[in-house]
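The values are calculated or read from the model by the stated rules, or taken from the named source; none is laboratory data. On a predicted model such as this, the values are computed, not experimentally measured, just so you know. For neighbour counting, all protein chains shown are included, and Cβ atoms are generated from backbone atoms with ideal geometry for every residue, glycine included. Ligands, DNA and RNA are stripped out before the accessible areas are found, and what is left, the full protein with its side chains, is counted by its heavy atoms. Shrake-Rupley method; radii C 1.70, N 1.55, O 1.52, S 1.80 Å.
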Amino acid sequence: MKVIVLGAGIVGVTSAYQLAKAGHEVTVVDRQPGPALETSFANAGEVSFGYCSPWAAPGIPMKAMKWLFMKHAPLILRPKLDMAMLSWMARMLLNCTSERYAINKSRMLRLADYSRIALADLRAETGIAYDERMQGTLQLFRTQQQLEASAKDVKALAADGIPYEVLDRDGCIRFEPALRHVRDKIVGGLLTPKDETGDCFKFTNALAAKAEALGVRFAYGTMIKALDVEAGRVRGVITDRERMSAEAVVVALGSYSPLLLAPLGIRLPVYPVKGYSLTIPIADASRAPESTVMDETYKIAITRLGDRIRVGGMAEISGYTNDLGLARRSTLEYSVTDLFPGGEISKASFWSGLRPMTPDGTPVIGPTKVAGLFLNTGHGTLGWTMSTGSARLIGDLVGGGQPEIDARDLAISRYG
């Protein structure tokens, strides 16, 4: 078929590659001059097959109230008269129950583990290099209370057969030797050894080149105006340059997906949650992380990417704004220098991106009420982690095949 993929981030490019492999004629449309120049550009770098949890969790409403008054808060809320924001927040609160958390976490782990297999296959198939490491994620606890609270995650990991290990202070230092300098600041951790790290920007650009070799056309610098729909079926896409015809369209526009779909009466509960990152050159490798350390107190990931450290995190609910607040930078700097002191923080580059979050934390993948129109969006903080598995699902669904894992509860129909 003739397929148009909207969006050239990690999710759009992996989708295009998978569709081209299946024999479709694929065009990718993006407003940027190249791939991975928005949310995929400088994310945290963690590929978290085991460490993936919904933000909507039991106890989060009370924690959120406390976070609002913290100097280095993992959550920043800038409320406004925005019905999309208020509706999304209300739906998220409804998911903050033990029952909903277990359901949503299970969905996420299912897709993440499928992506683990898909990424390994793709890496072997293409030979792509992207500063990748396969050494796991260490969720680091500074308090005994955090360590005890991890029991709910351990239960979910065990139920889904995901490998894990609960570590004491010495175990954390064995895994990440540089933590020996701050041993008194930690009490333990949760290790998910199958997790990986890598530069999402490098990967996406390398895969886009592979996709082009398969015949994928990339229409960069092209503004998407509307979807062309006639008699309940998608006929193509209207851009600022031309009308592009297609038999199927995949919307992978991240936070901007709901804006394109709203005129069709498709209410997609995806809202932008801004994250921030620092990229710091490594001055002393003995004081740098080996893989990813997730600072549970501040919800900040500190990841080794070749000769750099990527420090990413925070969740700012402020709409479609992409300004760089100095207070956010100070939080990232505090976390990384507190755990890994001695880095060249003055040489760090500062970035922010809009993560497309759903109220339940699970992406939206599958068909819509418009024939031929598919969604692959709403991955939140886990677009890099879930991209390859999501692409395989989209490849199967667009082609009318049977996915290898159950994808029915990932579709937009779960929202009624």
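Below is a table of values for the structure above.
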{"item": "Of all residues making up the stretch 41-73, the number that are closer than 25 Å to TYR220 by Cβ and open to solvent by 10 Å² or more (accessible area, probe 1.4 Å)", "result": "2"}
{"item": "Members of the stretch 55-88 found to be among the basic types (Lys, Arg) and over 16 Å from TYR101 (Cα atoms), listed by number", "result": "LYS66, LYS71, ARG78, LYS80"}
{"item": "Subset of the stretch 332-345 that is of a type in the set (Gly, Ala, Ser) and either out of contact with any Gly (no Cβ under 8 Å at 6 or more places or on another chain) or farther than 25 Å from LEU140 by Cβ (or both) - its residue that is surrounded by the fewest Cβ atoms within 10 Å (Cβ to Cβ)", "result": "GLY342"}
{"item": "Criterion: surrounded by 16 or more Cβ atoms within 10 Å (Cβ to Cβ) and over 27 Å from TYR256 (Cβ atoms) - qualifying residue of ARG133, ARG107, ARG100", "result": "ARG133"}
{"item": "Complete set of residues in the stretch 218-237 that are exposed (fewer than 15 other Cβ atoms within 10 Å of the Cβ), in contact (Cβ under 8 Å) with a residue 12 or more places away in the chain and assigned to a strand (DSSP E or B)", "result": "LYS225, ALA226, ARG233"}
{"item": "Identity of the residue in the stretch 297-310, buried (at least 23 other Cβ atoms within 10 Å of the Cβ) and without any contact (Cβ under 8 Å) to a residue 60 or more places away in the chain, that ends up nearest to the chain's Cα centre (by Cα)", "result": "ILE302"}
{"item": "Selected residue (criterion: nearest to ILE173 (Cα to Cα)) from residues of the stretch 256-300 that are among the hydroxyl-bearing types (Ser, Thr, Tyr) and assigned to a strand (DSSP E or B)", "result": "THR292"}
{"item": "Considering residues of the stretch 286-296 that are open to solvent by 20 Å² or more (accessible area, probe 1.4 Å) and over 18 Å from GLY198 (Cβ atoms) only, the residue farthest from the chain's Cα centre (by Cα)", "result": "SER286"}
{"item": "Residue, nearest to LEU354 (Cα to Cα), within the stretch 11-27, restricted to residues that are open to solvent by 10 Å² or more (accessible area, probe 1.4 Å) and aliphatic (A, V, I, L, M)", "result": "VAL11"}
{"item": "Subset of the stretch 320-341 [of a type outside the set (Ser, Thr, Tyr) and either modelled with pLDDT of 95 or more or not in a loop (DSSP other than H, G, I, E, B) (or both)]", "result": "LEU326, ALA327, ARG328, ARG329, LEU332, GLU333, VAL336, ASP338, LEU339, PHE340"}
{"item": "Evaluation of THR368 against (1) open to solvent by 20 Å² or more (accessible area, probe 1.4 Å); (2) among the β-branched types (Val, Ile, Thr); (3) touching a strand residue (DSSP E or B) at 6+ places or on another chain (Cβ under 9 Å); (4) farther than 30 Å from ASP228 by Cβ (one fails), failing number", "result": "(4)"}
{"item": "Within the stretch 127-212, helices (runs of 4 or more DSSP H) holding 3 or more residues that are touching a residue at least 24 places away in the same chain (Cβ under 8 Å)", "result": "144-149, 151-159"}
{"item": "Filtered residues of the stretch 106-125 (kept if over 18 Å from GLY395 (Cα atoms) and in contact with a Leu (Cβ under 9 Å, 6 or more places away or on another chain))", "result": "ARG107, MET108, LEU109"}
{"item": "Strands (runs of 3 or more DSSP E) (entirely within the stretch 346-405) containing at least 3 residues that are modelled with pLDDT of 95 or more and in contact with a Gly (Cβ under 9 Å, 6 or more places away or on another chain)", "result": "349-357, 373-377"}
